[in-house]
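Read the structure below first, then the notes.
The values are calculated or read from the model by the stated rules, or taken from the named source; none is laboratory data. Predicted, not measured: the structure shown is a model, and the values here were computed from it. Cβ atoms come from the backbone with ideal geometry, glycine included; neighbour counts cover every protein chain shown. Keep in mind that these areas ignore ligands, DNA and RNA; they rest on the heavy atoms of the full protein, side chains included. Shrake-Rupley method; radii C 1.70, N 1.55, O 1.52, S 1.80 Å.
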Amino acid sequence: DGKEALYSTPTMEYPGTVKFGVHGGFPIADMEKRSFEPDHSLIHQYLKPFLKTEMKTINYDKPAIEEMCLYTVTPDEEFIMDRLPENPNIIVAFGFSGYGFKFGPLLGRVLAEMVFNQESELTKEFRKNYSISRPGIINPKPKL
């Protein structure tokens with residue numbers, strides 16, 4: 001629908017605060033030339049109106065800090081947990097798209113089951129949904 005997603009989480013780096021953010025942005029082609037300045041238009045367009053109407057006790061006009069954060073995002077914004085098709089003894093887990101931390105215990109369980117070849121139905125379902133071979137993630141090697 002064109003709207004940016006909002007998120008919040010307690011912060012470890014700034015005790016006593018809660019981080020509110022806008023999940024959105026743009027690809028960065030050159031990490032050496034990226035801006036460290038947050039996109040204030042996203043904050044004003046999405047975050048402040050939400051805080052004003054939904055979180056009335058928060059002083060949204062004067063945030064403690066504004067900063068830009070980076071995280072990896074897969075093309076479909078879903079993470080990858082799978083065995084490499086060419087080397088099934090290698091397990092990969094990446095691209096948690098800025099929200100994987102919320103699933104830490106579950107992801108650990110799934111990865112442990114994969115490592116010990118004791119995959120439950122849950123883990124099999126994860127591998128199906130978060131496969132490295134799903135459309136748009138990797139380009140298959142062309143047949144010569």
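Structure summary
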| read-out | value |
| --- | --- |
| Contour minus Cα-Cα distance for Asn117 and Glu54 (0.36 nm per residue) | 18.1 nm |
| Members of Lys48/Lys102; Lys62/Lys102; Lys48/Lys128; Lys33/Lys62; Lys33/Lys128; Lys52/Lys102 lying beyond 31 Å, as alpha-carbon distances in this model show | Lys48/Lys128; Lys33/Lys128 |
| Percent carbon-and-sulfur accessible area, the range 32-121, ignoring ligands, DNA and RNA, probe 1.4 Å | 57 percent |
| Cut-off of 10 Å, at most 13 other beta carbons, DSSP loop: longest stretch of the chain lacking such chymotrypsin sites (Phe, Trp or Tyr not before Pro) | 72-115 |
| The range 12-144 - charge dipole about Cα centre, Lys and Arg +1 at Cβ, Asp and Glu -1, debye rounded to 20 | 220 debye |
| Computed FRET value (nearest 0.05) for Tyr14 with Glu86, which takes r as the C-beta separation and R₀ as 41 Å | 0.40 |
| Accessible area in square angstrom per residue, the chain, 1.4 angstrom probe | 74 Å² |
| Reported label for calculated Kirkwood radius over Cα pairs in Å given [x] 18.1; [y] 15.2; [z] 16.4 | [x] |
| Per-residue SASA entry for Val22, accessible area with 1.4 Å probe, Å² rounded to 10 | 30 Å² |
| Amide H within-cut-off set for Lys19, under 5 Å, with H built and near neighbours excluded | Thr9, Thr11 |
| Relative contact order computed over the chain (Cα-Cα under 8 Å; 6+ residues apart), in percent | 16 percent |
